[in-house]
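One structure is given below, encoded as C-alpha cells.
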Amino acid sequence: MIVKDQKVTVRSLEHEGFYQGAHGTSTKHVLDEIRALFARRRAETEKASVERTKPIEAHIEHLTQIAPQVERRWREMQERHEGREPSIAGPIFYVIAGAGAMLAEAYMLAPSLDLLNVTDPLEQRIVAFVIGIVSAVLLHFAWETFQEHRFSRAKILISRMAGAGALVALIVLGILRGNQNAFAATITENPLGQFLHEFPLLATAFFVFLTVGFPLAAAFGLTFSLRDIHDWREYREAKARAESVPSHLIQSKKQLEAEKEKLIHDLKATEEEEKQWQHTYLTHYDRGQTIGAKQSPKWVVWAKALSLAGLALGIIGCFVAWSPFLLVLPFATLAAAYGYFRRQRIHPSAEEYFDLQNVRFSSVDEEPQPALFNSNTRALREPEPVLNQEN
C-alpha cells in the first residue's frame, strides 16, 4: 500500500511498481490509491484556498458597502470648508497661548493664597494654576451652551451658573490681590502704595482685569482651538478614508484574483504530479513484468550468518575460561542470523527486490529484441508469478 504513510515519493513508487510488476499483481488498487491520495490533496488545497479567499471576499464586501458613505462624507467636508483644508497652526497657537495665560494666572494669584494658609511658593503656584484651569474649563462649558444646541436645559443651567460663579470668584480674587499689593506697598513705604490709595478704583479694575482676563483668554482659546482641531481632524480623516477605501478595494480585488489563479495553478500542478506518479508506477511495473528479478544465492545467507557467528565467537573467546556455557552464544547468533537473512532472501522488500533486477543481455543476431513496452497503454499480458525458491 503506497499511502500507508505520508512520505510517499516517486522513488518509492519505482520500487513498488517493479515489485508488483515482477509478481504479476494487478495495478488497479495502486492506481486507485494514487487517485485517492491526490483527490485528498486537491481537497486540502481547495480548503486552504477557501480559508484565504473568504476573509478577502468579506473585506471586499465591507469596503463596497462603506464606499458610498465615505465618498458622501468627503464631499460634505469639501463643501463645508469650500475645498480648503482647515489650518492646524492657528489652533495650536491658541492652545499654547492659553497655557501661557494659565501660567501667568498662577504667578499672579499665588501670593493671595496666604489667606488660605498656603505659604510655600511652589504650592501656591500649583494651587493657583489649578484654580485658573478650573475657572477656564467652567467658562468654556458656559460659553459652549451659547454656541451649540446639544445640551439639556439642566446642563445649560448648571454650566452657566458654574461659569458665573467662577467669574465672580475671579473678580473677588482680583480685588483681594489689589488690596494685598496696596497693603504690602504701604508697609515697605513704596511710592506705589500712595498711588494705589489715591486711585483705588483704577487699581482694583486693573487687578480684576488681569485676574479675570487670563482664564477668559484660556477659555476662549480652548473653545475655538478645540473646534478647529476637531474640524481639521474630521477633514483629514474623511480625506484619508476617501483615498484609502478605493485603493484597498482595488488591492483586495487583485488579491482575490491572485488567490483564484493560485488555486488553478496548484490544482494543475497536483494533476500533473498525479500523472507523473502514475506514469512512474506503470513504467516500473512494466519493467518488473518484463525483466523480473533474480534471487540472491543461498551462500550469501550462510556467509553473513557465519560472519556474525565468528564475530560473536571472537568477542566472547577471551571469556570462555570463565564459563564454557558462553560457547552457546556463537551458535545462537548463527541460528538467529541465518533465520533473519534467509527470510530476507525469500521475502525481500520492494526496495530490496528493486536491487535484484534480472537484467539479461543477449546478442541481437542470436535472440530477437523484446518489444518496447509503453506505460501509457495498459493492454498488458498477465505475467506468470515469480516463485522464490531456495537454491
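The values are calculated or read from the model by the stated rules, or taken from the named source; none is laboratory data. Just so we're clear, the structure is a prediction, and the values are computed from it rather than from any experiment. Every residue, glycine as well, gets a Cβ built from its backbone with ideal geometry; the counts of neighbours run over all protein chains shown. Accessible surface areas use protein heavy atoms only, side chains included; no ligands, DNA or RNA. Shrake-Rupley method; radii C 1.70, N 1.55, O 1.52, S 1.80 Å.
Brief remarks on what is shown
- Among the candidates PRO86, PRO91, residue that is surrounded by 16 or more Cβ atoms within 10 Å (Cβ to Cβ), in contact (Cβ under 8 Å) with a residue 40 or more places away in the chain and within 30 Å of LEU249 (Cα to Cα): PRO86
- Residue within the stretch 255-266 that is closer than 17 Å to VAL70 by Cα and either open to solvent by less than 90 Å² (accessible area, probe 1.4 Å) or touching a His at 6+ places or on another chain (Cβ under 9 Å) (or both) present: no
- Candidate set: the stretch 118-164, residues that are free of Cβ contacts under 8 Å to residues at least 40 places away in the same chain and among the acidic types (Asp, Glu); chosen: the one most open to solvent (accessible area, probe 1.4 Å): GLU123
- Of the set (1) open to solvent by less than 90 Å² (accessible area, probe 1.4 Å); (2) in a helix (DSSP H, G or I); (3) free of Cβ contacts under 8 Å to residues at least 40 places away in the same chain, all apply to ALA99 but (3).
- Any hit, the stretch 328-348, residues being assigned to a loop (DSSP other than H, G, I, E, B) and either surrounded by 13 or more Cβ atoms within 10 Å (Cβ to Cβ) or modelled with pLDDT of 70 or more (or both): yes
- Answer from ILE291, ILE264 - the residue that is without any contact (Cβ under 8 Å) to a residue 60 or more places away in the chain and more than 30 Å from VAL95 (Cα to Cα): ILE264
- Residues of the stretch 46-67 classified as open to solvent by 70 Å² or more (accessible area, probe 1.4 Å) and either in contact (Cβ under 8 Å) with a residue 12 or more places away in the chain or of a type outside the set (Lys, Arg) (or both), total: 10
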